[in-house]
1. Hey, can you grab everything whose amide H is under 5 Å from the amide H of S62? Only 5+ residues off in sequence or another chain; H modelled, so Pro and N-termini drop out.
2. Count the net charge of all other residues whose Cβ sits under 12 Å from the Cβ of P277, scoring Lys and Arg as +1 and Asp and Glu as -1.
3. How would region 224-274 be classified by its alpha-carbon gyration tensor: rounded, prolate or oblate, with rounded meaning a/c under 1.5 and the a/b versus b/c comparison settling the rest?
4. Per DSSP H run of at least 4 residues, take -39500 (n - 2.57); add these up for the chain, divide by its residues and hand me the 222 nm value, nearest 500 deg cm²/dmol.
5. Cα convex hull of region 180-351: how many Å³ per residue?
6. Hey, rough spin-label estimate for Q342 and L113, points 7 angstrom out along Cα→Cβ, what's it come to in nanometres?
7. For a Förster distance of 25 Å, can you work out the FRET efficiency between the beta-carbons of K191 and D357, rounded to the nearest 0.05?
8. What number, in percent, do you get for the relative contact order of the chain if the mean sequence gap of Cα pairs under 8 Å and at least 6 apart is divided by its residue count?
Amino acid sequence: MMPNPTTSRPIRVALVTNIPAPYRIPVLERLARQPGCDLRVIYCSSLEPDRAWQLPAGDFQSTCLRPRHLTLGGKYVHVNPDVWAALNQAAADVVITTGFNPTHLIAFAHARLHGAAHVPMTDGTWTSEQTLGAIHRVLRRWVYARSAAFIGASEGSMALYRSYGLDSARLFKSHLCANNEAFLAFPPVPKVHDLLVSGRIVAGKNPLFALQVAERLAHRLDRVVRLAFLGSGEMEAQVREAAARLPAEQVRVDFLGFAQQDALPGHYARARILLFPTALDTWGVVANEACAAGLPVLVTPEAGVAGDLVLDGINGRVMPLDAEAWARACAELLGDDARWTQMSLAARELVQACNFDAAADGIWQAVRLAARGSRKAPEIREARR
């Protein structure tokens, strides 16, 4: 076990990340409350154009840089030169970066120049980074070779780090989390929807595939199947048109729209199964939300939660995109109350390990290890046993 550090002053930590996120703010609040931690969070922007979150500021020091980003391949690439001045003010012992945008690379350079230890933090997985080009891989290898500790969201993240030859003793897990307690505490309500799809309605989430599953499921059950989409996005009009073409005596589709965090437990409580047919998600917090609400989850192998939070045959199914196979799996669950209940209970049990306290502790363990390698280490003394 790592010794507990005592310091002549707190360990100053600067975390540079894209935008505030609902699954990270409670974690950062807990990190900021760790004895001996002086945390400052530096955001590249207060929001990105494809997000509609309304979030509290968080009970920790934070700075929002002047928004400057490029759009490449549908992704937002942040370029914030003023991160240098923000890091000057933070005077961090440990700098955590959550990506490889130019802003993150500037922060890495600042850490190197000023003697701070650097810690990469990723939601990415070995699978999600297989499409990276040679330059991206060389850059990661160069940065990782000059970093002190590493934080990842999943077993897939650990596999990614190990693929670069990194020592497992320097790898720390900080799961992405939902507010488990809010879902667990929501009172029982009648089930309205057989199937729920939650998240942005975009091509990468395969919303039209969900309609195919619902139609095939209706044939298998020989009754009307209720499907709900919780979220919004650029494909919504196309999905609505496709849904309107389905026979009403077979499939009824509800579009619930985007929901803020406090409304989510009610929507999940009214559904029986979450469909998560993503083409690629580094994690997938919607699976946390579903598990906390007691919903079995059907997910593709391309999601980070697959094999980590969602275990095939235990609290859901991990299956390639085959509408007939997904419909058959849904029919088996909806036609067997005992089996559904077993998976529902397993989902709630497994999600308990993905909690805000554990996620904060994973970051703090990485910080403490990294602080020992900072050139400012004389000010951060390890306690003797």
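Computed from the coordinates by the stated procedures, all read-outs in this text should not be read as laboratory data. Since the model is a prediction, treat every value here as computed from it, not as a measurement. So basically every Cβ, Gly included, is an ideal-geometry build from the backbone, and we count neighbours across all protein chains shown.
1. The answer is V41.
2. On the way: positive: K205, R317; negative: D281, E302, D322.
Summing Lys and Arg as +1 and Asp and Glu as -1 gives -1.
3. Values: a/c = 3.41, a/b = 1.34, b/c = 2.54.
Since a/c reaches 1.5 but b/c is at least a/b, the shape of region 224-274 is classed as oblate.
4. Details: 13 runs with 135 residues, N = 385.
About -10500 deg cm²/dmol.
5. Working: hull volume 16.8 nm³, N = 172.
In region 180-351, the Cα convex hull volume per residue is 98 Å³.
6. Distance between label points: 6.1 nm.
7. Numbers: r = 31 Å, r/R0 = 1.24.
About 0.20, to the nearest 0.05.
8. Numbers: 782 pairs, mean separation 75.1, N = 385.
Reported relative contact order: 19 percent.
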